[in-house]
Amino acid sequence: MNILLLYNATQTYTNTVFEHLACFARQSRHRFFFCHADQYSEFSAELSRFAAIGLHYSVRLPFDQVSPSLGRALSEYGGAKFLFIQDEYDHTHRAWHWIKQLGFHLVFTVVPTRQISTIYPAAEFPGVRFVSNLTGYVPQYLGEAIPHLSPPSQRQLLIGYRGRPLPVRYGQLGIEKVAVGRMVKTYCDVHQISSDISWSEESRIYGPKWYEFMMSCRAMLGSESGSNVFDWDGSLGDRIADFKKTDPAATDESVYERLVRPHEIDGAMNQVSPRVFEAIAFRTVLVLFEGSYSGVVQAGEHFIALRKDGSNLDEVVSRLQDGAYVDAMAERAYRDVIASGKYSYQAFVLMVDEEIQRAVAAMPSNRGRLVAANDRSSLPDQPSPITTSPVRAAVTVPAEVPSLARQLGYTLWARLPGNIRSELKPVLKRIIKRRRS
């Protein structure tokens, strides 16, 4: 079958997003095509010759990243429609709206199976099939044929980490992304342990340099991903802002206790991060806050568990300094998680292929839409925004001008022509330098 996957091409600068898209071009038994879509662009691709149309999570439905022309095209399309969605705790009811408005038949959600009926009640979505999947999987090449990949015992940097500070509205799981870094960095600084731990936006690492950083570390810190705080109507941020206006001295801790904690759904969205797969592939030992991690890894077998109060830090560091222990754990984790193929993108794509085929077969009429995978003549010959593989966005902007890029919004920045970005970069750098001085 010919299948079209719509995605936001400005968001593929991270490895996880790009690999999630590229796996279909590489490994699907169907023929996948790709087309950029966002809330600003006029959408004009011809859809009638595709057996199914998919919308990727890089087009964020909860934030209405659907242009009027894209909305019309998807609503009018009569074939099978599927959706990949993540970050479902943000503006959840807006996601509900778009799933209904655009008429999706199949939704790949990162909500665990046991919680799907809580987040997506069956009565609200008659005829829609929800399938739980992970936020990312193991790319086929990851960890293979890497020259000079030394075992963790031979790496001088004991602990590495790059986190991201999240607003308090994302609750305890967001708080832990900084807490694990701050706790271990303080310990390492006091005990003069070699480490490279940071959680600022400016310190984030993108592209191949991220993999190089992982391979230089004996161990990598981590915590469970996701958020258990569901902002159903998108009002939580405004309520937090109003609270801070009333009490400008309010700390994040008080905001959390007063406004956020009551909305935590315990265990609803605790997830394993794709970074776990990356670290294991590079034989980097994981030191993770205690948690379930979607059942992918087990404490003591595949990672060293760190108590959230830090009370076993002495024991954790002692184990990391045991070369035989870390080498054995790294190989065991690689065998069970990577080499087994259980969490490979190949296995993921096989599952997706079968679910899409099931959705297509369930459509009342497939005439004109079931197209042989090798039939190129079925697609228009005229110039088209459609490609046979996703486009990789440049990774330089987030690293070089992070502060201004965030203020402008990376989507808007990436839409500027390359020559204009090149002219603006030195200007923005001077502005940033003056602000910091």
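Results, tabulated for the structure shown:
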read-out: Pick from the stretch 102-112, criterion in a loop (DSSP other than H, G, I, E, B) and more than 26 Å from Val272 (Cα to Cα), ranking: most open to solvent (accessible area, probe 1.4 Å); value: His105
read-out: Any hit, the stretch 147-167, residues being at pLDDT 95 or above, among the hydroxyl-bearing types (Ser, Thr, Tyr), open to solvent by 30 Å² or more (accessible area, probe 1.4 Å) and under 30 Å from Glu354 (Cβ atoms); value: no
read-out: Near pairs, Cβ below 9 angstrom, 6+ apart or cross-chain, from the stretch 31-43 (under 21 Å from Gln357 (Cα atoms)) to any residue that is acidic (Asp, Glu); value: Arg31/Asp375
read-out: Test: residue in the stretch 248-263 that is closer than 22 Å to Pro62 by Cα and among the small types (Gly, Ala, Ser); value: no
read-out: Residues being over 18 Å from Ala359 (Cβ atoms) and among the aliphatic types (A, V, I, L, M) - total across the stretch 92-123; value: 5
read-out: Boolean, Val297 is of a type outside the set (Lys, Arg) and not in a helix (DSSP H, G or I); value: yes
read-out: Unmet criterion (only one of (1) open to solvent by 10 Å² or more (accessible area, probe 1.4 Å); (2) closer than 20 Å to Val360 by Cα; (3) touching a Leu at 6+ places or on another chain (Cβ under 9 Å)) for Gln39; value: (2)
read-out: The listed residue being assigned to a helix (DSSP H, G or I) and open to solvent by less than 10 Å² (accessible area, probe 1.4 Å), out of Ile116, Ile99; value: Ile99
read-out: Among the residues listed as Val190, Val184, Val138, Val180, the single one being at negative phi, surrounded by fewer than 20 Cβ atoms within 10 Å (Cβ to Cβ) and hydrophobic (A, V, I, L, M, F, W, C); value: Val190
read-out: Unique residue being part of a strand (DSSP E or B) and either within 21 Å of the chain's Cα centre (by Cα) or farther than 16 Å from Pro385 by Cβ (or both) when the list is Phe34, Phe24; value: Phe34
read-out: Meets criteria (open to solvent by 80 Å² or more (accessible area, probe 1.4 Å), in contact (Cβ under 8 Å) with a residue 40 or more places away in the chain and either in contact with a Ser or Thr (Cβ under 6 Å, 6 or more places away or on another chain) or on the phi < 0 side of the Ramachandran plot (or both)) for Arg129; value: yes
read-out: Meets criteria (touching a residue at least 60 places away in the same chain (Cβ under 8 Å), farther than 21 Å from Gln346 by Cβ and surrounded by fewer than 19 Cβ atoms within 10 Å (Cβ to Cβ)) for Ser69; value: no
read-out: Flag for Phe82 being over 27 Å from Glu264 (Cβ atoms), buried (at least 20 other Cβ atoms within 10 Å of the Cβ) and touching a residue at least 40 places away in the same chain (Cβ under 8 Å); value: yes
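Let's see how each residue does on (1) crowded, with 17+ Cβ neighbours inside 10 Å; (2) under 30 Å from Asp336 (Cβ atoms); (3) not aromatic (Phe, Trp, Tyr):
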site: Phe213; (1), (2), (3): yes, yes, no
site: Gly226; (1), (2), (3): yes, yes, yes
site: Ser235; (1), (2), (3): no, no, yes
site: Thr246; (1), (2), (3): no, no, yes
site: Tyr256; (1), (2), (3): yes, no, no
site: Pro262; (1), (2), (3): no, no, yes
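The values are calculated or read from the model by the stated rules, or taken from the named source; none is laboratory data. This one's a predicted model, so the numbers in the text were calculated from it and none came from an experiment. No Cβ is skipped: glycine too gets one built from the backbone with ideal geometry, and neighbour counts run over all protein chains shown. SASA here: full protein model, heavy atoms, side chains in, ligands and nucleic acids out. Shrake-Rupley method; radii C 1.70, N 1.55, O 1.52, S 1.80 Å.
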